[in-house]
Amino acid sequence: MERTTGYVALLVLAGLVLSGIFAPQLAPMNPFEPNMAIRLQPPSTAHLLGTDALGRDLLSRMLYGGRSALLLSLVSTVCALGIGTLVGLLAGYFGGRTDAVLTTLSNIFQGIPGISFMVAVAGFVGPGVTGLLLALVAGSWAGFSRIVRAEVMQCTAEPYVEQLRVLGCSDGRIIFGHLLPALGGTLLVLGSLRLGRGVLAIAGLSFLGLGVQPPTPDWSTMISDAMLYYRQAPHLIIVPGAAIILLVSSLNMVGQMLHRRLDVRQEVRG
């Protein structure tokens, strides 16, 4: 049953990703072009998901909005994972003073409540994509570094690492040529699980006006803009809200499936 659920989630995720990639080809209308004559229309044959307060086709904006949600979550996750992995590798391998300094730094970042820290960073930099990405990266890299550090400390205790040192391998070659590849499965799982949380963080910041700015289509911004019309046109909130739930759920299920597969492989190898 769990395997079936995981594959269904993978298919749903693939569909959402493809719809975002091919949004220009799939969108039936221009998502930026207003038409006040047809504003707040319910779903119909002409507009399958209805229109928003400016008369823009909701289906077209949903397709483009999915693209921004996925891309921003992916970019922020890759950047945070890259920084956290580098810090964790250096702290776990060298230990001593290097470990103490880097661990203290990550503890400081982790000690600040996540969403509050992200709001503060995004508010300081200013509304927009740049501030949003900086907030997401600053609020999540430390968690990655602690996990990577623990994994690296276990790996450095293995006899093969000492053998590599005896053979004259440089620290850089050991870290990036042997330890980093050994963390591949762990990093894949961490990244996949972070994507879902990234989408939620983006949704929260964009809803507060600190993320993607109009007129760029964004699911959370669409919900925020539709709050004034929730009685007259509830579909403007229901549709993007359901899309966010579907995307986050599929990402989390795929991440959990990868986690289970990784655990099984490690048990078999052990």
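The values are calculated or read from the model by the stated rules, or taken from the named source; none is laboratory data. Since the model is a prediction, treat every value here as computed from it, not as a measurement. In this analysis, Cβ positions are derived from the backbone assuming ideal geometry, glycine residues included, and neighbour counts consider all displayed protein chains.
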Specify which of the listed residues (Val87, Val129) is among the β-branched types (Val, Ile, Thr) and either more than 23 Å from Gly177 (Cα to Cα) or in contact with a Cys (Cβ under 9 Å, 6 or more places away or on another chain) (or both).
Val129
Please work out which one of (1) of a type in the set (S, T, N, Q); (2) in contact with a Pro (Cβ under 9 Å, 6 or more places away or on another chain); (3) modelled with pLDDT under 85 is the condition Gln266 fails and give its number.
(2)
Can you name the residue in segment 212-257 that is within 16 Å of Ser68 (Cβ to Cβ) and polar (S, T, N, Q) and is also surrounded by the most Cβ atoms within 10 Å (Cβ to Cβ) among such residues?
Ser220
Any chance segment 56-64 includes a residue that's in contact (Cβ under 8 Å) with a residue 60 or more places away in the chain, within 30 Å of Ala182 (Cα to Cα) and charged (D, E, K, R)?
no
Taking the residues in segment 150-177 that are of a type in the set (Gly, Ala, Ser) and in a loop (DSSP other than H, G, I, E, B) as candidates, determine which candidate is farthest from Asp99 (Cα to Cα).
Gly168
Checking Ile83 against (1) over 19 Å from the mean Cα position of the chain (by Cα); (2) at pLDDT 90 or above, which test does it fail?
(1)
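For every residue, the table says whether it meets (1) surrounded by 19 or more Cβ atoms within 10 Å (Cβ to Cβ); (2) of a type outside the set (Gly, Ala, Ser); (3) in contact (Cβ under 8 Å) with a residue 60 or more places away in the chain; (4) assigned to a helix (DSSP H, G or I).
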| position | (1), (2), (3), (4) |
| --- | --- |
| Gly185 | no, no, yes, yes |
| Leu195 | yes, yes, yes, yes |
| Ala203 | yes, no, yes, yes |
| Leu210 | yes, yes, yes, no |
Take segment 4-22 and flag every residue that is under 16 Å from the mean Cα position of the chain (by Cα) and without any contact (Cβ under 8 Å) to a residue 12 or more places away in the chain.
Ala14
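When the residues of segment 141-181 are narrowed to those that are of a type in the set (Phe, Trp, Tyr) and at pLDDT 90 or above, which ends up farthest from Gly92 (Cα to Cα)?
Trp141
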